[in-house]
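The values are calculated or read from the model by the stated rules, or taken from the named source; none is laboratory data. Please read these numbers as outputs of a predicted model, since none were measured by experiment. As a convention, Cβ positions derive from the backbone with ideal geometry for all residues, glycine included, and neighbour counts pool all protein chains shown. When the accessible area is computed, the model is the full protein with side chains, heavy atoms only, and any ligands, DNA or RNA have been set aside. Shrake-Rupley method; radii C 1.70, N 1.55, O 1.52, S 1.80 Å.
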Amino acid sequence: MSSSQQYISTRSSGAEVLNFEDAVIRGLAPDGGLYIPKSIPKVDSATLNSWKNKSFQELAFEVLSLYISRAEVPAKDLKSLVERSYSTFRAPEVTPVRELNREKNLYLLELFHGPTYAFKDVALQFVGNLFEYFLARKNAGKAENAPDRDIVTVVGATSGDTGSAAIYGLRNKKDVSVFILYPTGRVSPIQESQMTTVLDPNVHTVSVNGTFDDCQDLVKQVFADTEFNAKYHVGAVNSINWSRILAQMTYYFYAYFQLLKARGDDCKVRFVVPTGNFGDILAGFYAKRMGLPVDELVIATNSNDILYRFFQSGSYSKSAGAGEKPVVHATMSPAMDILVSSNFERFLWYAARENAAQSDAEAGKIVNQWMSELKTSGSFTVPKAVYAAAKKEFSSERSSDEDTTNTINRVYTEITPKYILDPHSAVAVHAALRRSDADQSAAYVALSTAHPAKFADAVDVALKGQEGYDFENVLPQEFKDFSKKEKRIITASKPDVSIIKDIIVKQLSK
C-alpha cells in the first residue's frame, strides 16, 4: 500500500503543493507555516485487523507507506531505512507497553529505549537516515567539493531532548551540518552533557542566554531569511518537520494493539500525553483520524499551560490573565517549559478547514490571521464552532510541581513498587490517575517520554530516603561517564538572530 501524498503549508493559499521529500528537506514553509498532508489516509477495520500482530518495524513500514509514495522511496529502501533506524533501540519491541496497575487500568508506553533515552529518538533516528538517503541520491555522481553538491544545514531548538536526539540521529551524516540551540541553564545537566560531548565535526551546540521560546523564535527567523536560507540550505529537525510527526504515529498503533492483546478486543483506549510543543499528541490525532479507534486524547501540561487554558476557554493566549506578562515558568519537567506550542498550528488548520472555511486556501488564510494576532497581541480566540470541534478531539489536565513529585513518589511506593518515573512521564501519569479515578471504563496509556536518569534532581526530590532507592543505580553507565568526556559548547550572549547566523557561517567555513 502506498500513496501519492502531497503537502501544503498551514498558512498557504493552496497554490504551492510539495512532495514528501521537499516537505522534509525544507522543514518550515517560506510563509512561516508548517507542512501538512493534503489529505489524511484512511485505514479500514480489515486493514487494522491485519496489522495487529505486526512488529513495530513492520507496522512502521505500513504507516509510513501511506504518506510516502513508492516513486519517492521504493518499498525496499523504506524497509531498509526502518530497520536501520530501529536497530539502535535497547528494547526489542522498540516502544513497549508496561502495565503499571491493573486495578487502576493504568499503563505506560515506554518511549525511552533509543540511543538518547528519550521519545524523540523514535522519530529522529528515522529522520537522520531519511536526510542522508535523500542527499545521497541528489549527490550521486557529484565530486566531493563540487559547487552543485546538495547540502543541508539543520538548525533546531531544544528544551532538552530534541537536541541530543537530533545530534545522535545526524552525527557524521554526509553533507549534513547540525546546529542545536538550547536555553542556558534550562536543560538538565545530563541533557546538556548528551549534546555537548558529541564532538563529530558536523555537530554544533549553541547555548543561548534566553528561554526555549527565544530559541524557537531564532530558528524561525533563520528560516524566514530567504537569502540566508537559499545560500546555506537550511533544514529543520524540530517537530515543525513533518517527518517527525509521521514517525511518531506508529507507536500509537503499536500501543493500541498491545493493549488489545492484554485486555481483549472490546478494550477502550485513552492516551494521556505530556505535552510541550504539541508534536507528540498531534501524532495521536493523525492516528485517530486515520481510523485507529482511540477513545480519547488527553493533553497533560505542567504550569506552562497555554494548551490547558485554550481547552477551558477557546482563547489561545501567551498570558495567563488580563494584564499579566507572558512568563515561561521553570518547572521540574523542563522539556515542557514552552510558552507557544508550535505544532498546535497544524491541528488548528484542520479545525478551521472543517468548521470555518470553504477551501484549503481559506483555511490557510484564517490560520495566518490567528498566528498574526498571536504575534502582535499575544493571543487569539477561535470561533465557537472551532472551539467545540477542538473539545471533541482533545481534553486536558494540568499538573503542578507538587503533583509531579507526589506522583513519582506514589508510583514508586504504592502503584508499581520500585518503578521510577521521570518528571514528564509523571505529569502524564498524574493526569491519567485523575481520569481513571473518575472513570474506570477504559484503559489509560500514559506516554513515558524520558528515562528518569535524565532528570536526577526531580527524581531525588521525590524519592530521597525511600527504601531501596539510590539514584546511582538508576544511572546508565554511559551517563556516569559524561564527567570524563570533553565538551564543546558555543555560547550566544543573547537571543539575537545575527549572532546565530554569524555562528553558523563561521562554523560552516571550517
Within the range 173-232, take every residue that is in contact with a strand residue (DSSP E or B) (Cβ under 8 Å, 6 or more places away or on another chain) and among the small types (Gly, Ala, Ser) and give me the one that is nearest to GLY114 (Cα to Cα). SER177
Any hit, the range 261-276, residues being buried (at least 24 other Cβ atoms within 10 Å of the Cβ) and out of contact with any Asp or Glu (no Cβ under 8 Å at 6 or more places or on another chain): yes
Answer with yes or no whether ALA165 is part of a helix (DSSP H, G or I), closer than 22 Å to HIS233 by Cβ, open to solvent by less than 20 Å² (accessible area, probe 1.4 Å) and touching an Asp or Glu at 6+ places or on another chain (Cβ under 8 Å). yes
Which one of VAL63, VAL82 is β-branched (Val, Ile, Thr) and more than 22 Å from LEU135 (Cα to Cα)? VAL63
Name the residues in the range 95-140 that are aliphatic (A, V, I, L, M), open to solvent by 10 Å² or more (accessible area, probe 1.4 Å) and assigned to a helix (DSSP H, G or I), would you? ALA136
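Given the residues ALA363, ALA388, ALA426, which is the only one that is over 25 Å from the mean Cα position of the chain (by Cα) and small (Gly, Ala, Ser)?
Numbers: ALA363 fails: over 25 Å from the mean Cα position of the chain (by Cα); ALA426 fails: over 25 Å from the mean Cα position of the chain (by Cα).
Result of the check over ALA363, ALA388, ALA426: ALA388.
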For the range 398-510, which fully contained helices (runs of 4 or more DSSP H) count at least 2 residues that are crowded, with 17+ Cβ neighbours inside 10 Å? 401-410, 423-438, 456-463, 497-509
Unique match (being open to solvent by less than 70 Å² (accessible area, probe 1.4 Å), at pLDDT below 95 and over 22 Å from ALA363 (Cβ atoms)) among VAL82, VAL24: VAL24
Do we find that GLU373 is touching a strand residue (DSSP E or B) at 6+ places or on another chain (Cβ under 6 Å), of a type in the set (Asp, Glu) and open to solvent by 40 Å² or more (accessible area, probe 1.4 Å) in this structure? yes
Checking SER319 against (1) surrounded by fewer than 20 Cβ atoms within 10 Å (Cβ to Cβ); (2) within 30 Å of THR47 (Cβ to Cβ); (3) hydroxyl-bearing (Ser, Thr, Tyr), only one condition comes out false. Which one? (2)
Please enumerate the residues belonging to the range 328-343 that are part of a loop (DSSP other than H, G, I, E, B) and in contact with a helix residue (DSSP H, G or I) (Cβ under 7 Å, 6 or more places away or on another chain). VAL328, THR331, MET332, SER333, ASP337, ILE338, LEU339, VAL340, SER341, SER342, ASN343
